[in-house]
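Asker: Okay, handing you the structure first.
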């Protein structure tokens with residue numbers, strides 16, 4: 001996988017960019033000789049919505065899931081922690097069986113995309129828009145199958161669209177130019193804030209309910225009801241809070257301070 005990304009970066013004219021209407025041939029099934037091979041020797045990074053789906057599947061809190069099933073890494077580029085699935089021995093995904101993926105209904109976004117890659121490009125055929133590309137690994141026989149797909153159909157079929165909608169504000173955070181600036185190193189408070197708002201949804205719920213959060217932020221009763229009933233909505237709320245807390249974007253609003261008394265009522269006859 002690393003070699004594929006290096007080729008994309010070094011040779012932009014040959015990287016094979018795909019758009020939503022592009023077609024490709026691929027099929028994966030139990031009878032193919034390379035079945036399950038793509039689930040070994042890899043790193044699977046998890047999005048916030050991946051974590052919600054998986055922690056529910058295993059009946060864990062988000063904190064328990066993070067400790068038991070994941071590792072945290074910090075990239076040189078944007079200096080914030082990312083979460084990746086902890087592999088079994090031999091770098092094989094621990095959820096793969098002879099029958100295939102044992103968590104298929106809740107498989108991570110990265111697995112849903114495969115064999116497509118997704119990137120945000122500076123040079124694309126659509127002038128700066130995101131683009132897709134095929135991850136053509138030498139062992140994969142799926143590309144020799146006759147099944148044909150259109151990129152947008154693959155995304156719908158694999159449930160990708162919903163996952164991306166859920167992660168919209170998180171993507172805005174990790175791609176923020178302020179984080180990508182040279183010389184910027186987030187302090188411990190910022191990193192802990194990011195972990196809380198991005199990945200540990202159960203701890204964030206406690207933070208909202210038991211800290212001074214609701215005394216500081218103006219949150220409508222309707223929204224409080226919504227986030228109390230839906231973890232997905234609570235997650236998106238947390239990501240909007242991150243955009244405000246980290247970058248002061250207008251995604252959250254502070255409660256208005258009570259009006260001060262007029263100067264004459266404060267016993268200050270000389271105040272201007």
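The values are calculated or read from the model by the stated rules, or taken from the named source; none is laboratory data. Small disclaimer: the values here were computed from a predicted structure and weren't measured. We place every Cβ from the backbone using ideal geometry, glycine too, and count neighbours over all the protein chains shown.
Asker: In region 127-178, which residues are assigned to a loop (DSSP other than H, G, I, E, B) and within 23 Å of residue 77 (Cβ to Cβ)?
Answerer: Passing the criteria: 128, 129, 135, 167, 175, 176.
Asker: While we're here: If we scan region 12-23, do we find a residue that is surrounded by fewer than 18 Cβ atoms within 10 Å (Cβ to Cβ), at pLDDT 95 or above, over 21 Å from residue 117 (Cα atoms) and in contact with a helix residue (DSSP H, G or I) (Cβ under 9 Å, 6 or more places away or on another chain)?
Answerer: No, that holds for no residue.
Asker: Looking at region 46-66, is at least one residue at pLDDT below 95, within 15 Å of the chain's Cα centre (by Cα) and part of a loop (DSSP other than H, G, I, E, B)?
Answerer: Looking through region 46-66, none of the residues is at pLDDT below 95, within 15 Å of the chain's Cα centre (by Cα) and part of a loop (DSSP other than H, G, I, E, B).
Asker: On to the next question. From the list 203, 119, exactly one residue is within 30 Å of residue 67 (Cα to Cα) and either in a helix (DSSP H, G or I) or at pLDDT 95 or above (or both). Which is it?
Answerer: Result: 203 is the single residue among 203, 119 that is within 30 Å of residue 67 (Cα to Cα) and either in a helix (DSSP H, G or I) or at pLDDT 95 or above (or both).
Asker: Here is a further query. Output the residue which, of all residues in region 81-108 that are surrounded by 15 or more Cβ atoms within 10 Å (Cβ to Cβ) and part of a loop (DSSP other than H, G, I, E, B), is nearest to the chain's Cα centre (by Cα).
Answerer: Ranking the candidates gives 108 first.
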